[in-house]
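J.: Dropping the structure in here first, questions after.
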Amino acid sequence: MTTVQSIDRAFGVLRALAAGPAGVTDIADRVGLPKSTVSRMLSTLEELGAVEQVSVGGEYRIGWAMIELAAAARPGRSLISLARPHLVELARVTGEAAGISIPDGTDMLYLDQLTPNSELQVRDWTGHRIPMHAVPSGQVVLAGDSALAGRITKGRLQQFTPTTIVDAAALQARLDVVRRDGYAWAVEEFASGLNSVAAAIRTTGGTVLAALHVYGPASRFPGDRNPRELGELVKAAADNIRID
């Protein structure tokens, strides 16, 4: 098989998934290829981030690499450029760092961060991947994806601090609270001395695509500010970022 044929088949698989999540058999039927061929192609595309598997042995869907490429094809409409003004405003209002992240497998990949000048600054997490269960950005994604949440809770939940949620039932209970409130708080759950709050960024159809978050030193964040009001502030900002 030539390189051109391989590319053509890969795009055929991606076009099939553009209609919605599907399993190997369904995709093979749509593109007219053997299941073994489609399975190998999906494995390669998954490694590249072009597709992602919703659950072990389950359906596949378009991955973040393709979503970011599609957004970049529309000048000024990429996720980062859409979110930047909101990061600036959140950092100004709260005096703390604000950032965005996207799902990457069972991790959150941090894409951008704006940190205001202060004597005590938090680390810039841009480019880092952090397990979803340990951070509120991941928890708001899991709250909107029951299949992924189920997949994660079946495995071992890594502990980072004494307050990291490592019990499956406790994580599911947290996700119920996130669904109710529309935002998630974490108090020193990933890193000691760091508190954060996050809300989901959704498509116009309601699908969770990313997370918007604010975080700061536990010594001052939230401090004497009302955690619920801060959560609502972040949620309102996230609701104003919509991807078509």
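The values are calculated or read from the model by the stated rules, or taken from the named source; none is laboratory data. Treat the numbers as computed from the prediction; the structure is a model and nothing was measured. Note that we place each Cβ from the backbone using ideal geometry, even for glycine, and neighbour counts take in every protein chain shown.
J.: Go through the stretch 175-184 and give me each residue that's surrounded by 21 or more Cβ atoms within 10 Å (Cβ to Cβ) and more than 15 Å from ALA236 (Cα to Cα).
T.: We begin by selecting, within the stretch 175-184, every residue surrounded by 21 or more Cβ atoms within 10 Å (Cβ to Cβ); these are 175, 178, 183-184.
LEU175, the sole residue that qualifies.
J.: Of the residues ILE102, ILE152, ILE130, which single one is within 15 Å of GLU189 (Cα to Cα), surrounded by 15 or more Cβ atoms within 10 Å (Cβ to Cβ) and at pLDDT below 95?
T.: ILE130
J.: Would it be correct to say that ARG156 is within 17 Å of the chain's Cα centre (by Cα) and either more than 20 Å from ALA238 (Cβ to Cβ) or not assigned by TED's automatic domain parsing to the domain that holds ILE100 (or both)?
T.: On the way: within 17 Å of the chain's Cα centre (by Cα): no; either more than 20 Å from ALA238 (Cβ to Cβ) or not assigned by TED's automatic domain parsing to the domain that holds ILE100 (or both): yes.
When the stated conditions are applied, ARG156 does not pass them.
J.: If you don't mind, another one. Quickly run through the stretch 204-234 and pick out the residues that are without any contact (Cβ under 8 Å) to a residue 60 or more places away in the chain and under 15 Å from the mean Cα position of the chain (by Cα).
T.: GLY206
J.: Restricted to the stretch 1-45, and to residues that are at pLDDT below 90 and under 21 Å from LEU109 (Cβ atoms), which residue is surrounded by the fewest Cβ atoms within 10 Å (Cβ to Cβ)?
T.: So the residue we want is PRO21.
J.: Right, another one. What about GLY231, is it modelled with pLDDT under 95 and of a type outside the set (A, V, I, L, M, F, W, C)?
T.: Numbers: modelled with pLDDT under 95: no; of a type outside the set (A, V, I, L, M, F, W, C): yes.
Considered against the rule, which asks whether it is modelled with pLDDT under 95 and of a type outside the set (A, V, I, L, M, F, W, C), GLY231 comes out as no.
J.: What are the residues in the stretch 185-201 that are in contact with a helix residue (DSSP H, G or I) (Cβ under 8 Å, 6 or more places away or on another chain) and free of Cβ contacts under 8 Å to residues at least 60 places away in the same chain, if any? First the steps, then the outcome.
T.: From the stretch 185-201, those in contact with a helix residue (DSSP H, G or I) (Cβ under 8 Å, 6 or more places away or on another chain) are 185-186, 189-190, 196-201; that's our starting set.
Of everything in the stretch 185-201, those that are in contact with a helix residue (DSSP H, G or I) (Cβ under 8 Å, 6 or more places away or on another chain) and free of Cβ contacts under 8 Å to residues at least 60 places away in the same chain turn out to be TRP185, ALA186, GLU189, ALA199.
J.: Among (1) at pLDDT 95 or above; (2) more than 21 Å from ILE80 (Cβ to Cβ); (3) of a type outside the set (D, E, K, R), there is one condition ALA198 misses while meeting the rest; what is its number?
T.: If we test ALA198 against (1) at pLDDT 95 or above; (2) more than 21 Å from ILE80 (Cβ to Cβ); (3) of a type outside the set (D, E, K, R), just (2) comes out false.
J.: Please go through the stretch 102-158 and pick out each residue that is over 22 Å from SER192 (Cα atoms), of a type in the set (Val, Ile, Thr) and free of Cβ contacts under 8 Å to residues at least 40 places away in the same chain.
T.: THR153
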